[in-house]
Amino acid sequence: YIKRLTEAAEKIGFDPQTATALASTTTSSSLHLIKVTGMPPAQLLKQITSKGGTTEAALKILAEGGSWKQGALAALKRAKELSKKG
(Lines give C-alpha, C1' and ligand atoms only; values in the text may rest on other atoms or scores of the structure.)
Protein backbone atom coordinates (compact mmCIF):
# COMPACT_ATOMS: atom_id res chain seq x y z
CA TYR A 1 0.00 0.00 0.00
CA ILE A 2 2.68 2.48 1.00
CA LYS A 3 4.76 1.49 -2.02
CA ARG A 4 1.82 2.16 -4.36
CA LEU A 5 1.07 5.50 -2.73
CA THR A 6 4.74 6.47 -2.91
CA GLU A 7 4.95 5.58 -6.58
CA ALA A 8 1.75 7.50 -7.29
CA ALA A 9 3.07 10.58 -5.48
CA GLU A 10 6.30 10.38 -7.46
CA LYS A 11 4.29 10.11 -10.69
CA ILE A 12 2.68 13.48 -10.02
CA GLY A 13 5.96 15.20 -9.23
CA PHE A 14 6.95 14.63 -5.61
CA ASP A 15 10.57 13.72 -4.95
CA PRO A 16 11.11 10.19 -3.56
CA GLN A 17 11.71 11.32 0.04
CA THR A 18 8.60 13.51 0.16
CA ALA A 19 6.51 10.87 -1.61
CA THR A 20 7.53 8.26 0.97
CA ALA A 21 6.79 10.63 3.84
CA LEU A 22 3.35 11.47 2.40
CA ALA A 23 2.49 7.81 1.84
CA SER A 24 3.65 6.77 5.31
CA THR A 25 1.88 9.63 7.06
CA THR A 26 -1.34 9.08 5.14
CA THR A 27 -1.33 5.39 6.00
CA SER A 28 -0.48 5.97 9.66
CA SER A 29 -3.14 8.65 10.03
CA SER A 30 -5.78 6.48 8.37
CA LEU A 31 -5.04 3.57 10.68
CA HIS A 32 -5.11 5.89 13.68
CA LEU A 33 -8.54 7.26 12.69
CA ILE A 34 -9.91 3.74 12.31
CA LYS A 35 -8.60 2.83 15.75
CA VAL A 36 -9.77 6.01 17.50
CA THR A 37 -13.22 6.24 15.93
CA GLY A 38 -13.96 2.53 15.69
CA MET A 39 -15.49 3.19 12.27
CA PRO A 40 -14.92 0.81 9.39
CA PRO A 41 -12.66 2.18 6.63
CA ALA A 42 -15.53 2.50 4.13
CA GLN A 43 -17.48 4.74 6.52
CA LEU A 44 -14.46 6.95 7.20
CA LEU A 45 -13.81 7.20 3.49
CA LYS A 46 -17.34 8.49 2.92
CA GLN A 47 -16.79 11.13 5.58
CA ILE A 48 -13.58 12.49 4.08
CA THR A 49 -14.54 12.33 0.41
CA SER A 50 -15.93 15.65 -0.76
CA LYS A 51 -18.38 15.54 -3.65
CA GLY A 52 -16.52 16.70 -6.72
CA GLY A 53 -13.19 16.77 -4.91
CA THR A 54 -9.76 15.29 -5.48
CA THR A 55 -10.29 12.15 -3.44
CA GLU A 56 -13.49 11.39 -5.31
CA ALA A 57 -11.66 11.80 -8.62
CA ALA A 58 -8.98 9.33 -7.57
CA LEU A 59 -11.44 6.83 -6.14
CA LYS A 60 -13.47 6.86 -9.34
CA ILE A 61 -10.41 5.82 -11.32
CA LEU A 62 -9.58 3.06 -8.82
CA ALA A 63 -13.18 1.80 -8.87
CA GLU A 64 -13.00 1.57 -12.66
CA GLY A 65 -9.91 -0.63 -12.40
CA GLY A 66 -7.35 2.08 -12.94
CA SER A 67 -3.96 2.13 -11.27
CA TRP A 68 -2.92 4.15 -8.23
CA LYS A 69 -0.79 6.29 -10.51
CA GLN A 70 -3.82 7.01 -12.72
CA GLY A 71 -5.81 7.85 -9.60
CA ALA A 72 -3.13 10.27 -8.43
CA LEU A 73 -3.09 11.92 -11.84
CA ALA A 74 -6.88 12.28 -11.73
CA ALA A 75 -6.66 13.86 -8.27
CA LEU A 76 -3.97 16.27 -9.47
CA LYS A 77 -6.03 17.21 -12.51
CA ARG A 78 -9.06 17.86 -10.30
CA ALA A 79 -6.96 19.95 -7.89
CA LYS A 80 -5.82 22.10 -10.80
CA GLU A 81 -9.41 22.51 -11.98
CA LEU A 82 -10.55 23.50 -8.51
CA SER A 83 -7.71 25.99 -8.10
CA LYS A 84 -8.86 27.81 -11.24
CA LYS A 85 -12.36 28.25 -9.81
CA GLY A 86 -11.11 30.22 -6.80
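The values are calculated or read from the model by the stated rules, or taken from the named source; none is laboratory data. For clarity, every value in this text was computed on a predicted model and none was experimentally measured. When we count neighbours, we look across all protein chains shown, and the Cβ atoms used for this are built from the backbone with ideal geometry, even at glycine. Keep in mind that these areas ignore ligands, DNA and RNA; they rest on the heavy atoms of the full protein, side chains included. Shrake-Rupley method; radii C 1.70, N 1.55, O 1.52, S 1.80 Å.
Taking the average, over residues, of other Cβ atoms within 10 Å as the packing measure, peptides 22-32, 52-62 rank 52-62, 22-32 from highest down. Quick one: if the Förster radius is 30 Å, what FRET efficiency do LEU82 and LEU44 give, using the C-beta to C-beta distance and rounding to 0.05? My answer for the efficiency is 0.85.
A 1.4 Å probe run over the protein chains yields, for the chain, 72 Å² of accessible area per residue, whole-number rounding. Each listed q (0.17, 0.22 Å⁻¹) maps to a log10 I(q)/I(0) for the chain, found by the Debye formula over equal Cα scatterers with no solvent: -0.77, -1.18. Taking every alpha-carbon pair under 8 Å whose residues sit at least 6 apart, the chain reaches a relative contact order of 31 percent.
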